[in-house]
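Structure first, then comments.
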Amino acid sequence: MRASVTVRPADLDGPDRAAVASMLAAYHAQTEREKVERGLAEPGPLPERYAVEVRDPVRSFDGAVVLVAERDEAAIGMAVMHRAGSDVEVKRLWVAPAGRRSGAGSALLADAAERARALGAAGLRLSVWNWRADALALYAREGLVEAPSWESRAQLVCLRLPL
């Protein structure tokens, strides 16, 4: 039987820093590859605005809550959440390929929603590239619905879960 997934705040000053940096590197590398495939970016090194997150997640996410999803005491997913007006926004939601279909994505979203409610947020929101069908299906299953866009990039779909 597969071990259950747990979610907790990351300790970026301690043992979670390397795992979070590694997941951020994978997340950004995949996103940049997908953008190149669609003509939205040029091939090359990771743009500095993303590379800095990998190098220094502590400073990059100062004031945010970074969540880690674990299974068998190994980090398999992460998400960053921060206040965005009356909502809480989830950024950088990532589940490592080996952790997919484990419930980690749902667990991260549920934990983020619970934390957002505790903060008195009106909603939980996120944006996702329109070609990420698996992610869009997960978000729909978790109750997020399309919302008016707050993004300037046309291929990003904005979703929101009213709380």
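Readers should treat all values here as calculations from the given coordinates under stated rules, not as data from a laboratory. Given the structure is predicted, the values throughout are model-derived calculations rather than measurements. For neighbour counting, all protein chains shown are included, and Cβ atoms are generated from backbone atoms with ideal geometry for every residue, glycine included.
One table, with the values for the structure above:
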{"item": "Net charge contributed by nearby residues that have their C-beta within less than 15 Å of E114 (K/R +1, D/E -1)", "result": "0"}
{"item": "Rounded to the nearest 20 debye, dipole of the range 4-163 from Cβ charges on Lys, Arg, Asp, Glu", "result": "300"}
{"item": "Rounded Å value of the spacing that divides the Cα centres of the range 1-68 and the range 91-132", "result": "14"}
{"item": "Relative contact order (%) - the range 32-85, alpha-carbon pairs under 8 angstrom, separation at least six", "result": "21"}
{"item": "Kirkwood hydrodynamic radius (C-alpha pairs) into Stokes-Einstein, the chain, 4 °C and 1.567 mPa s, D in µm²/s", "result": "80"}
{"item": "The range 36-42 - phi-based ³J(HN,Hα) in whole Hz, Karplus 6.51/-1.76/1.60, Gly and Pro as x", "result": "4, 4, 9, x, 9, 8, 9"}
{"item": "Nonlocal amide H pairs with A10, under 5 Å, H built at 1.01 Å", "result": "V66, L67, V68"}
{"item": "Integer Hz, Karplus 6.51/-1.76/1.60 couplings in order for the range 85-102, x for Gly and Pro", "result": "x, 7, 9, 10, 9, 9, 10, 6, 5, 9, 10, 4, x, 5, x, 5, 6, 9"}
{"item": "Neighbour count of at most 13 Cβ within 10 Å plus DSSP loop: longest GluC sites (Glu not before Pro)-free window in the chain", "result": "74-150"}
{"item": "Helix-only [θ]222 nm of the chain, DSSP H runs n ≥ 4, -39500 (n - 2.57) each, per residue, nearest 500", "result": "-10500 deg cm²/dmol"}
{"item": "Whole-number percent relative contact order across the chain, with pairs defined as alpha carbons under 8 Å at least 6 apart", "result": "19"}
{"item": "Lys/Arg +1, Asp/Glu -1 at C-beta; the range 1-137 dipole; positive extreme among V54, V66, Q30", "result": "Q30"}
{"item": "With 5 Å bins from 0: P(r) over the range 83-163, alpha-carbon pairs, percent", "result": "3, 15, 28, 26, 18, 9, 2"}
{"item": "The range 13-26 - phi-based ³J(HN,Hα) in whole Hz, Karplus 6.51/-1.76/1.60, Gly and Pro as x", "result": "8, x, x, 8, 4, 5, 5, 5, 4, 5, 5, 4, 4, 5"}
